[in-house]
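K.L.:
Structure in structure tokens, see below.
The values are calculated or read from the model by the stated rules, or taken from the named source; none is laboratory data. These figures come from a predicted structure and were not determined experimentally. So basically every Cβ, Gly included, is an ideal-geometry build from the backbone, and we count neighbours across all protein chains shown. We work out accessible area using only protein heavy atoms, side chains counted, and drop any ligands, DNA or RNA first. Shrake-Rupley method; radii C 1.70, N 1.55, O 1.52, S 1.80 Å.
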Amino acid sequence: MGTIQFSLASKTYPGGVLALENVDFTVGEGEFVALLGPSGCGKSTLLNLIAGFEKLSGGQMSFNGDAVAKPGPDRGVVFQEASLLPWLNVWENVVFGPKVQKTPRDIYEPRAREILRIMGLEAFHEALPVQLSGGMRQRVGIARALVMQPKALLMDEPFGALDAQTRLSMQELLLDIWQSLKTTVLFVTHDIDEAILLADRVCVMTARPGRITREIPIDIPRPRS
Ligand code: ADP
Ligand code: ADP
């Protein structure tokens, strides 16, 4: 569950930009992998492919052994900005996905309540996104992904817009969540400290064409909050 696999994967965008070339890349079940590299090396492209937002140009890609055709609730995506629905409060934003999926209320309600508690948002159910700080909005964004019980969390610079202090607390929170849920995490960042702090394995990418050039296992224990 939650296994990501790319084999000789290439991506050429319309207009001819070769964003990825011959990428072999695997993320195992429950693994936390960081994709690290400079701007433009293809990190987001790789994430958007496995999320189902982009189509592969060559090679193969699978999630849990199945070819990826479109986005699905088994892959939760978190971007730099949570892009919450501004007219809905925190609770409504988080239960929006389960409602669209026609999940029964007696299933999604306790689940949403529990996730909002874990994310430290218990007191903010009624708040509108505009009333929240960037860090709190990002917590809602993560809660919105987790409420769908994804097999993998795909995170694209999720803390990139946050101040240093907030970033640190969000990194600790993410590690706590990951350690209890054991969901697969693919985490895109250009911050080497963040990659080493969070991941089991750091995959270093280089640009032109986008490739994974190094895979570094991180054996040092994680900090416990
Ligand atoms: P990163 O996430 O590492 O910054 P991206 O995956 O966003 O890199 O981009 C990889 C390359 O693909 C860059 O050269 C970028 O300009 C190009 N690219 C990304 N998205 C598109 C797109 N939608 N259309 C055309 N080119 C794109
Ligand atoms: P609907 O929009 O169809 O009324 P919701 O999914 O918004 O349904 O669910 C409303 C229920 O969610 C309430 O009965 C309540 O039990 C629960 N709930 C808990 N906290 C909140 C909150 N802060 N805002 C809205 N509903 C909440």
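K.L.:
If you restrict to DSSP beta bridges whose two residues both lie in segment 94-225, what percentage is antiparallel, to the nearest 5?
P.N.:
Restricted to segment 94-225, the bridges split so that about 55 percent are antiparallel.
K.L.:
Going toward the positive end of the dipole of the chain, with +1 on Lys and Arg Cβ and -1 on Asp and Glu Cβ, which of T45, T103, Q5 do you reach last?
P.N.:
My answer, from the dipole projection, is T103.
K.L.:
Further, regarding this structure: Please turn the phi angles of segment 141-152 into ³J(HN,Hα) values with the Karplus equation 6.51 cos²θ - 1.76 cosθ + 1.60 (θ = phi - 60°), one per residue in order, whole Hz, x for glycine and proline.
P.N.:
Rounded to whole hertz, the list is x, 5, 4, 4, 6, 5, 5, 7, 6, x, 7, 9.
K.L.:
If one takes the longest principal axis of the Cα atoms in the chain, at what angle in degrees, from 0 to 90 and to the nearest 10, does the Cα axis of helix 164-181 lie?
P.N.:
Tilt of helix 164-181: around 90 degrees.
K.L.:
Here's something else I'd like to know. Apply the Karplus curve 6.51 cos²θ - 1.76 cosθ + 1.60, θ = phi - 60°, to the phi angles in segment 109-116 and return the couplings in whole Hz, x for Gly and Pro.
P.N.:
Working through the residues one at a time gives 4, x, 5, 5, 4, 5, 5, 5 Hz.
K.L.:
Related question: Determine, at each q value in 0.25 (inverse angstroms), the log₁₀ of I(q)/I(0) that the Debye formula gives when each Cα of segment 177-225 is one equal point scatterer.
P.N.:
-1.08
K.L.:
Can you give me the long-range amide H partners of E54? Hydrogens built in the peptide plane at 1.01 Å from N, cutoff under 5 Å, separation of 5 or more residues or another chain.
P.N.:
L49
K.L.:
Counting C-alpha atoms alone, how compact is the chain: give Rg to one decimal and Dmax as a whole number, in angstrom.
P.N.:
For the chain, the Cα radius of gyration and maximum Cα-Cα distance read 17.3, 50 Å.
K.L.:
For segment 65-127, run through the trypsin sites (Lys or Arg not before Pro) and keep only the ones in DSSP coil with at most 11 other Cβ atoms within 10 Å of their Cβ.
P.N.:
Here the trypsin sites (Lys or Arg not before Pro) that fit, given the DSSP loop and packing criteria, are K102.
K.L.:
Expressed as a whole percent, how much of the Cα-Cα distance distribution for segment 1-101 exceeds 16 Å?
P.N.:
Result: 63 percent of Cα pairs exceed 16 Å.
K.L.:
Name the residues whose placed amide hydrogens come within less than 5 Å of the amide hydrogen of M205, ignoring near sequence neighbours (fewer than 5 apart) on the same chain.
P.N.:
When sequence neighbours closer than 5 places are left aside, the close amide H contacts are L36, G37, T213.
K.L.:
Separate question: Roughly how many percent of the accessible protein surface of segment 69-225 is carbon and sulfur, given a 1.4 Å probe and a whole-percent answer?
P.N.:
Here carbon and sulfur together make up 54 percent of the probe-accessible area.
K.L.:
Moving to a separate point now. Pull up all non-local amide H partners of G2: gap of 5 or more, or a different chain, and H-to-H distance under 5 Å with H placed in the peptide plane.
P.N.:
Result for G2 returns N64.
K.L.:
Now a separate question. Grab the Cα-Cα distance for L18 and K182, subtract it from 0.36 nm times how many residues apart they are, and report the gain in nm with one decimal.
P.N.:
Stretched out fully, the L18 to K182 stretch lengthens by 55.6 nm.
K.L.:
Defining a contact as two alpha carbons under 8 Å apart and six or more residues distant in sequence, what relative contact order in percent does the chain show?
P.N.:
Rounded, it is 31 percent for the chain.
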